[in-house]
Amino acid sequence: MAASPHPHAPPDGALRELGRQGRLGSGRVSRPPRYTAQAGLQRALFGAFWTSGQERMLTAEERTLLHQLRPSSPAAAQDCILFSDPNKDPDDVVSFVMAKQLEMLGLAHVGHVVTTLGPHAVRAERAMLAKGVFGALGMPGVGVAIGRDYEIGARQADHGSFLARGQPLCAAHAAVGQDSLAGMRQSLRDASGKITLIAIAGMSDANALLVAEPDLVRQKVGRVVVMGGIARDKDDQGLVCPDDRAYNNHTDLAAARSFYRLAQDYGIPLRVVCKEAAYKAAVSPRFYDALAASGHPVGGYLRDIQKESLKTLWDRIGKREIGKLDERWFYSTFIARGGDAAGFEQWHAQRPPFEQIWGQVERLNLYDPLTLLAALDAPSQMLFKPLGAHAPGKPPVEVIGAEEVTSPDAARTLMAALSKLALATEIGYGAR
């Protein structure tokens, strides 16, 4: 990795061993005694943080927002199951990092992650990466399972992307669960309260759970949150439908259509975060630079993988490999949103190399971390005002688009604060 090794960071082999330590390969939502004790110690250390010199790593705005969150901690953390596709781009792993700090705050407990996207071998690599990352974050009790097969068709090159920089963080194959449905089923049965399902990837596995276990899902699932989008028109029963242009919906469109419908059929509140919400709360590369500066290997990975994935996108655009996406789209999306035609022509005429482009980027979208915040009561109330999208008399469906992000600066600030602290306060890592 490009980041200099931290003196306390373990070698790659030790990172793999961290990923092997978890006993819950099936991804059951529970808290092993060892993990509970460690979490308690971490919370105590976090409480002492505010009187230590480490507060210099946060801005005044970041400290203020975290102080506002602390009194909001519920009696019990909100149990969550994540459906994720890590290492295609970096924001899934940013969500994992934030989940660690949200757990230390007593706001969330991610007990189970299912990895999807791509053929089985790639989904397995994604699972091994997720398990290794959680181990490196001091969260070996998070169970990770390989997602199920789905119809990929001609999208192999896109769905099968797994970037090489993720390999050093991967846990052993034996550390991850092989049967995602069995793991989810057991997680729901073991949960003492309601679980939130958070789909920040395709919905093949999430839909399989709703199809296979309707009674259990009705009993144990309290909310479904999706990074996706909704169609303009409802179906013939008046139910909200997925927008088939949204990437996570389009990944397995049949599953997405079934998943949205079944959540409403079961009367489970559905919240959909649209890509425009992430556009409004976009961050600059400095977000990732700060994570790499922690010295934690996950922080270095995130900075490197963001830069690499953006370069890959730029190169593919130059080769005209991605449909209608061109240099003008790239400029508007990542550098100067709003369609500055004169600015684009001047910029494009310079034919800048990617290293120069990287220094000009101002807008990187954190789709999945924003969705995680939207799934949790306290941060959601701080940052969003969801819009009801359901017809009268129908089950509740809320949408969060650009207009529903009421505090974009606060969203950016909170995502940065949670991520930086999660890496810096990990025992054996971070700033000293």
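Readers should treat all values here as calculations from the given coordinates under stated rules, not as data from a laboratory. This one's a predicted model, so the numbers in the text were calculated from it and none came from an experiment. So basically every Cβ, Gly included, is an ideal-geometry build from the backbone, and we count neighbours across all protein chains shown.
Tabulated data for the structure shown
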read-out	value
Packing-based exposure ordering (other Cβ within 10 Å, fewest first) of 116, 59	59, 116
Projected label distance in nm at residue 189 and residue 156, using a 7 Å step from Cα toward the beta-carbon	3.8 nm
Gain upon complete extension [residue 75, residue 233; 0.36 nm per residue less C-alpha separation]	52.9 nm
Theoretical gain in end-to-end length, residue 319 to residue 385 [0.36 nm per residue, Cα-Cα removed]	19.7 nm
Residue order, fewest to most beta carbons within 10 Å, for 117, 373	373, 117
Contour excess over end-to-end distance, with Cα ends at residue 178 and residue 377 and 0.36 nm allotted per residue	68.5 nm
Dipole moment magnitude, nearest 20 debye, the range 183-286 about Cα centre, only Lys, Arg, Asp, Glu C-beta charged	440 debye
Projected label distance in nm at residue 394 and residue 329, using a 7 Å step from Cα toward the beta-carbon	3.0 nm
In sequence order, calculated HN-Hα J values of the range 208-222 (Karplus, 6.51, -1.76, 1.60; Hz; x Gly/Pro)	4, 5, 5, 5, 7, 10, x, 5, 5, 5, 4, 6, 10, 8, x
Leading residue at positive end of dipole, the range 286-360 (Cβ point charges), from 347, 336, 313	313
For the range 64-118, projected area of the alpha-carbon convex hull averaged over all directions, nm²	4.2 nm²
Prolate/oblate/rounded label for the range 286-360 (Cα gyration tensor, a/c 1.5)	prolate
Ranked by how many other beta carbons lie within 10 Å on average, peptides 392-399, 149-156, 226-233, 90-97 from highest	90-97, 226-233, 392-399, 149-156
Interchain or long-range residues, amide H under 5 Å from residue 384's placed H	406
